[in-house]
Amino acid sequence: MPCPACERTQRLAFLLASDEVDAALEAGLMAWAPCPVDDTDPAQAAAITQAQTRLRTAWAARARYRQRQARLERRAAEREARRIAAMPADPVAPARPALPTAAAAILERARARAAERSKP
């Protein structure tokens with residue numbers, strides 16, 4: 001009777017050789033260990049071990065990338081919050097410059113004349 005661990009090794013090696021990584025993952029690729037009773041075929045064991053290593057490396061890189069993206073998003077949100085906090089809460093309209101004294105005097109005289117004309 002064949003060893004279940006050896007059958008699993010052969011199945012995983014076949015799936016990996018067929019480039020069926022998803023199926024190999026579902027078949028327990030990451031939990032695979034060589035058969036403790038029988039000698040595992042070294043070529044199959046090497047292929048499975050390499051696939052495990054590649055996947056662990058890729059998953060670690062993906063985790064680092066996601067952490068970096070989260071860190072960049074957090075920094076951008078903090079920067080935006082600081083920018084909003086630095087803005088005045090009540091936007092003040094820029095003060096209109098005062099009229100030059102000569103122009104103010106001319107305007108006052110014009111108002112006075114207009115007021116006299118409007119008297120009955």
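The values are calculated or read from the model by the stated rules, or taken from the named source; none is laboratory data. A quick note: this is a predicted structure, and the numbers were derived from the prediction, not measured. For neighbour counting, all protein chains shown are included, and Cβ atoms are generated from backbone atoms with ideal geometry for every residue, glycine included.
Scanning the stretch 1-39 for residues that are in contact with a Ser or Thr (Cβ under 9 Å, 6 or more places away or on another chain) and β-branched (Val, Ile, Thr) turns up just one, Thr9.
For the stretch 1-14, the candidate set comprises residues that are surrounded by 15 or more Cβ atoms within 10 Å (Cβ to Cβ) and of a type in the set (A, V, I, L, M); within that set, the residue that is modelled with the lowest pLDDT is Ala5.
Suppose we keep only residues that are surrounded by 14 or more Cβ atoms within 10 Å (Cβ to Cβ) and over 17 Å from Leu55 (Cα atoms) within the stretch 15-37. Which one would you say is modelled with the lowest pLDDT? That would be Cys35.
The residues of the stretch 2-50 that are on the phi < 0 side of the Ramachandran plot, of a type outside the set (D, E, K, R) and part of a loop (DSSP other than H, G, I, E, B), listed by number, are Pro2, Cys3, Ser18, Ala27, Trp32, Ala33, Pro34, Cys35, Pro36, Val37, Thr40.
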